[in-house]
Every structure is written in C-alpha cells, then in structure tokens.
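Asker: First, the structure itself, so that you have it in front of you.
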Amino acid sequence: MNALPLIHGLTSEQVAEICRELGQPAYRARQIRDWLYHRFAADWSEMKNIPLSLRQALARRLALASATIARTQSEAGVGTTTKFLIALQDGDWVEEVLIPARGRTTLCVSSQVGCKFNCAFCASGKAGFRRNLEAGEVVGQVIVAARSLGATPSNLVFMGMGEPLDNYDAVLAAVRIINDPEGLSLGARRITISTCGIIPGIQRLAQEGLQVELSISLHAPDDALRSRLLPVNRKYPLGDLLEACRAYAEQTGRLITFEYTLIQGVNDSPEQARELVRILRPIHARVNLIPLSTVAEFEGRAPTAPVIREFLNILERERLNVTLRISKGGGVDAACGQLRASRLAE
Ligand code: SAH
C-alpha cells in the first residue's frame, strides 16, 4: 500500500485539522471539501483556488486518487447499468456497478478484494480473499462513480465484492464520511449494508445509532439447506441469526430486508415459502425475492415464472412484506454476485 493516508478516508474534521496544522484559515478546509465531495476532484491540480504551495503540502501528506476507473462497461442505451473496474493504489482492483432505475441511481460498491465466505452461487467468493478495503477506498469508489455520473448517486448498497461486516471498522468509517453533511451527505436511510449473517457485526451495528438499512442474505428457510448454500451458517446458524435480527429491529426500530435468491429445485417449493413465512413472522421484515442470475461457477438456475409467482403469492397471502427484484446488469456481468475475477482470467 502507498505509505500516504488516503484523504477520502478522513473525516471532514480531520481534513480541517490538517489545514489548521498547515497554518491555513478555516475557509481552506471548506474549499477542499467542496473539491472532494461536490466536484469529485481526481487530482490536486484541479483545485485551482487552492494555492499551489498548499496543494503541494497536502500531496506530500495525503493521497487523493484512492480509486481510479480502469475500465467502464455499459449496457446499450442511455441511463443503463454501468460496471466500473476500479484500480486501487497497490495494483489490486474491485468492481462497482451504477444502476439507474425509477428516478434514483443506486451505486453498488465492494467492501473487500475477494471474499472469505464462499457462498455456493456467488462468483465473488470463488477467487478467494485478498484483503480488506480501507475506508478511503470505499469512499473513493463513490467519488469516482459520482464524478462519472456528474452527481452523488441517490442510493448506496454494499452488495458488490466482499462481506461488509467482515470489514466492519473500515465500512463504518466510510459510511460516516459518506453520510456526513459536510462529506458526501448521503442520507443513512439511503445506504444499505448487506450481510451473509455475521452476528457480532449485526449486534455492533445495532449500537451505532445510525439509520442505515440492514439487509440479510438469507436464501434458505432451514439450517441444513442454508449451511449448504452459505457455509457461514455453520458458524452463525439460522436461529441465532434470526434472534440477532429480531433484537436489531427492536433496538433500531428499523425494518430488515431479507434477500432470498430463488434457485430452481433448491429453495423454491411452496413448503419452503411457508417455512420462510413461519421463521420471519416474529421479525419486522421485508423479503426481497431475486431469481438466481446464472454464473459459470454454479450449476443452478432461476425457477420458471409460474414457480416464482406461486412462491411470491404464498408470501403475499400470509401478508409478508415482499418484493420481487428483477436483477439488472446481466448484460455487463454485473448482476448480483457476478462481480468477479474476469480481469484475472485475461
Ligand atoms: N457479502 C454480502 C454482500 C455481497 S452479495 C452479502 O452476502 O450480503 C450481494 C447479494 O447478492 C447477496 O444477497 C448475495 O447472496 C446475492 N447473490 C450472490 N450471487 C448471486 C447470484 N448468482 N444470483 C443472485 N443473487 C446473488
């Protein structure tokens, strides 16, 4: 890693402190914040209203280009899903996806290079784990996407590569910078942390006093199947996970979203739908059904439309709050779980 700390990983207060140390008036920190969070500067030389000597002093202490776009891949047409290959300073890379839909633009970012958890149908885990991202690299992903979009995305989801609650401190530091009214100022309720079910992380998150959305990758209504699809379930079994979710919902007053990827003949039967209703009944929950996106690493496929409809109907009849998500981004290999090592294969 570059020895210099990433400016994108600092809070606005820390940026102000450095300006003070350099003997600068308070308005300099505001100008720098404007360059960082409103104009999404990629290089110190862009900061024309900052004296050259100060830019040089900052560049000696801090790195600005925490994440740079190495490649962009878009589906045909205007306003469609775009995948960015992001180069990090040490030569590692991650991917992120910008998804415009119904008046909002959702950015899906990565939290780790690779992933340790090896879920059966997720392409990210297949190449193994390399390292945690730093807070500045998470914020940097938002900055470069915002620069490309010309505005801060309206919503942010941690559903790219990696497990956010396995990189807790860096992800939370990034969330606070992104949420800070003097930073990117993205509302906490527009930020979703998605987890395969790391219970200590869920318990910690409940204590943060943040209004972020929590999403649980559930995918199965019983331990045997869930352990097969998500090996993490052996460490954090379903009963404990649901209890942690119940406590989280109670503590925060927030609704929890449960992601349920439908796989033909694996987790799509009416009995499984009813079991799902039964286990989620005690929790303030919403279910998001996602037909599996096909990946080379996993043999399964999505159920047929009538089977999906029937599964959905059972949940609806039982008055579970449920939505069916049609995965976007398949055209750029950016559908859920498809962010993977295509670069490594070249
Ligand atoms: N590690 C986190 C975030 C990354 S995965 C987590 O597990 O939640 C983001 C979501 O995509 C998860 O719900 C994951 O289970 C889902 N997903 C992974 N591969 C998929 C695939 N092939 N089809 C559909 N959803 C998939």
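The values are calculated or read from the model by the stated rules, or taken from the named source; none is laboratory data. Computed from a predicted model, the values in this text were never measured in an experiment. As a convention, Cβ positions derive from the backbone with ideal geometry for all residues, glycine included, and neighbour counts pool all protein chains shown.
Asker: For segment 11-28, name all the residues that are crowded, with 20+ Cβ neighbours inside 10 Å and under 16 Å from residue 185 (Cβ atoms).
Answerer: Answer for segment 11-28, where residues must be crowded, with 20+ Cβ neighbours inside 10 Å and under 16 Å from residue 185 (Cβ atoms): just 15.
Asker: Check segment 135-156 and report whether any residue there is in contact (Cβ under 8 Å) with a residue 40 or more places away in the chain, over 16 Å from residue 37 (Cα atoms) and buried (at least 23 other Cβ atoms within 10 Å of the Cβ).
Answerer: No, there is no match, as no residue in segment 135-156 is in contact (Cβ under 8 Å) with a residue 40 or more places away in the chain, over 16 Å from residue 37 (Cα atoms) and buried (at least 23 other Cβ atoms within 10 Å of the Cβ).
Asker: Kindly indicate whether residue 177 is crowded, with 21+ Cβ neighbours inside 10 Å, more than 12 Å from the ligand (Cβ to nearest atom) and at pLDDT 95 or above.
Answerer: Yes: the conditions hold for residue 177.
Asker: Okay, next question. So which of 72, 68, 106 ends up being part of a strand (DSSP E or B) and crowded, with 19+ Cβ neighbours inside 10 Å?
Answerer: Residue meeting the stated conditions: 106.
Asker: When you check residue 125 against the structure, is it within 10 Å of the ligand (Cβ to nearest atom) and without any contact (Cβ under 8 Å) to a residue 40 or more places away in the chain, yes or no?
Answerer: It is true that residue 125 is within 10 Å of the ligand (Cβ to nearest atom) and without any contact (Cβ under 8 Å) to a residue 40 or more places away in the chain.
Asker: Right, another one. Please indicate, with yes or no, whether at least one residue in segment 160-169 is crowded, with 21+ Cβ neighbours inside 10 Å and away from the ligand (no atom under 16 Å from the Cβ). Talk me through it step by step, then tell me what you get.
Answerer: Initially, segment 160-169 is screened for residues crowded, with 21+ Cβ neighbours inside 10 Å, giving 160-165, 167.
Remaining after also requiring away from the ligand (no atom under 16 Å from the Cβ): none.
Among the residues of segment 160-169, not one is crowded, with 21+ Cβ neighbours inside 10 Å and away from the ligand (no atom under 16 Å from the Cβ), which makes the answer no.
Asker: Say whether the condition of being within 24 Å of residue 118 (Cα to Cα), surrounded by fewer than 17 Cβ atoms within 10 Å (Cβ to Cβ) and in contact (Cβ under 8 Å) with a residue 24 or more places away in the chain is met by at least one residue in segment 228-239.
Answerer: Looking for residues that are within 24 Å of residue 118 (Cα to Cα), surrounded by fewer than 17 Cβ atoms within 10 Å (Cβ to Cβ) and in contact (Cβ under 8 Å) with a residue 24 or more places away in the chain, one finds at least one in segment 228-239, hence yes.
Asker: Would you be able to say whether some residue in segment 115-133 is out of contact with any Ser or Thr (no Cβ under 9 Å at 6 or more places or on another chain), closer than 25 Å to residue 179 by Cβ, in a strand (DSSP E or B) and assigned by TED's automatic domain parsing to the domain that holds residue 164?
Answerer: Looking through segment 115-133, at least one residue is out of contact with any Ser or Thr (no Cβ under 9 Å at 6 or more places or on another chain), closer than 25 Å to residue 179 by Cβ, in a strand (DSSP E or B) and assigned by TED's automatic domain parsing to the domain that holds residue 164.
Asker: When you scan segment 186-209, how many residues do you find that are under 14 Å from residue 256 (Cα atoms) and either away from the ligand (no atom under 15 Å from the Cβ) or in a strand (DSSP E or B) (or both)?
Answerer: Residues flagged as under 14 Å from residue 256 (Cα atoms) and either away from the ligand (no atom under 15 Å from the Cβ) or in a strand (DSSP E or B) (or both) within segment 186-209 amount to 9.
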